Amino acid sequence: MQRRPFIARIAFVAIAALLLFSCTRRPAEPQFNNPFDPATGGGDPFRLTAEYTTLGVVALTWHAPPVTGITDYHIRRSVQPAGPYTVTVIPATAAAVQITTDAKFARNRTNYYRVLAFNGHDINAESQVVAATVSPPAKLTILRTTTAFNDSTVPSRQARLVLRSNFGDSVEVASTRSFLASQRFAATDTNTIIPWDLGAASARHARLRVFARMHASGVVSTEIVGDSALADLTAKVRLVGAVINDTLIVRANGLGFTRLRAVGPGDSLELAPWLANPHPERTDSIEVRVVLQNNSLAPFVVRAEAESDFGFTRRYDLPAVPLSVDTLGLTFTINNAAGHTAGDAETTHPDVFIVSTAKNATQMRFSESTDFTGVPWQPFRTTSTFTLLDTAGTHRVYGIFRNPFEPHGFAVSKSIVLLAHSSAAR
């Protein structure tokens, strides 16, 4: 009778101990093999990183592992975490941090990298597998003019777009978000150049935008709004040369301007005819000739107008200051057969030649009479001929020079002695 309570007490203690032990014991943790761990175990001394850069390559950086005798590194790349891998071998350097780039990555995919350190033909150490995403957001940019002031304008509606993308096989471009009248282009490279007509603009400095969406295997993957730009007219319109004639030349050159017209003072620009630019897509020059109706030495304004291929126009006021004949350098010489700078003092024949200096002159005439009776004006030339009256003795020759703004001109004279001669002297 006494043993049963003792045995019962022992059984109770045993059961209580078993229950206590089962409540406080931690369950066994499941075994887990991380596939990104190096095959050798013990962590990753490489600290490998792989990052897609704006230069269009994957930059790989790792620390040299704490082993000796490394001769080269094998860079393994794959589009699957477990391979198969392509291998690139580069020599090891003494630097603590090794850096290289990969430009042959698989586009539109995540690229996986692993680095192995070799000592001759043996593997000394192996890195983890790291991933580089090479599908950054696409960007569409309108090429613009480049100046010191960071000009954001485009000079022509015939523009070029730059598509920067590493995903998708084609891009659809349109001038409206509804993608009406859109066009498709192949995305052939990291930077794809796309010719594009920006269309008409309401005015100078009107804002223009382009819309695009990427397609990957025929499926629309993302939409892009191209950088906005401002429509401009960059045609340079100017007077050409000095104003010394009644016909002025107005010249324009630039990109994207289609027509030019110009008038002198008192004339209507609205009634002036347009001259078409045959090559608005190039920076060729075109010229408009303006015939002045009133000649005066007073300054005046030539008005011009250029038209952009965007459809709007821009007007120019070109100040013009007529130039008078330069009287300080006004002179001429009669003959200089003997090399005299002032001409010859005498001649044996009435036919002489004249060398004139008259800056800004457009016309001239010579006579032995001060009233120039019956002597017509002739175009200004540096060298001309003149026939003296056929009488022996001193002859004074008068020369007068002018341009359309000075109808009376400026006169100078020179003397030469005609010696007695026979008709066969020359």
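The values are calculated or read from the model by the stated rules, or taken from the named source; none is laboratory data. Everything numeric in this text was worked out from a predicted model, so none of it was measured. Glycine also receives a Cβ, built like all others from the backbone with ideal geometry; neighbour counts cover every protein chain displayed. The accessibility values were calculated without ligands, DNA or RNA, using every heavy atom of the protein model including side chains. Shrake-Rupley method; radii C 1.70, N 1.55, O 1.52, S 1.80 Å.
Consider only pairs whose beta carbons are under 6 Å apart and that are at least six residues apart or on different chains; among these, list those whose first residue lies in the range 187-209 and is surrounded by 15 or more Cβ atoms within 10 Å (Cβ to Cβ) and whose second residue is β-branched (Val, Ile, Thr).
Close Cβ pairs satisfying both conditions: ALA187/VAL171.
Please find, within the range 343-393, the residue that is surrounded by the most Cβ atoms within 10 Å (Cβ to Cβ) out of those that are under 27 Å from LEU323 (Cβ atoms) and aliphatic (A, V, I, L, M).
Ranking the qualifying residues of the range 343-393, first place goes to ALA358.
To keep it simple, each residue is scored yes or no on (1) out of contact with any strand residue (DSSP E or B) (no Cβ under 9 Å at 6 or more places or on another chain); (2) modelled with pLDDT of 85 or more; (3) open to solvent by 70 Å² or more (accessible area, probe 1.4 Å).
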| residue | (1), (2), (3) |
| --- | --- |
| PRO84 | no, yes, yes |
| ILE90 | no, yes, no |
| ALA95 | yes, yes, no |
| THR100 | no, yes, no |
| ALA106 | no, no, no |
| ARG114 | no, yes, no |
| PHE118 | no, yes, no |
| ALA132 | no, no, no |
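Take ALA64 and decide whether it is modelled with pLDDT of 70 or more and among the small types (Gly, Ala, Ser).
Against the criterion (modelled with pLDDT of 70 or more and among the small types (Gly, Ala, Ser)), ALA64 qualifies.
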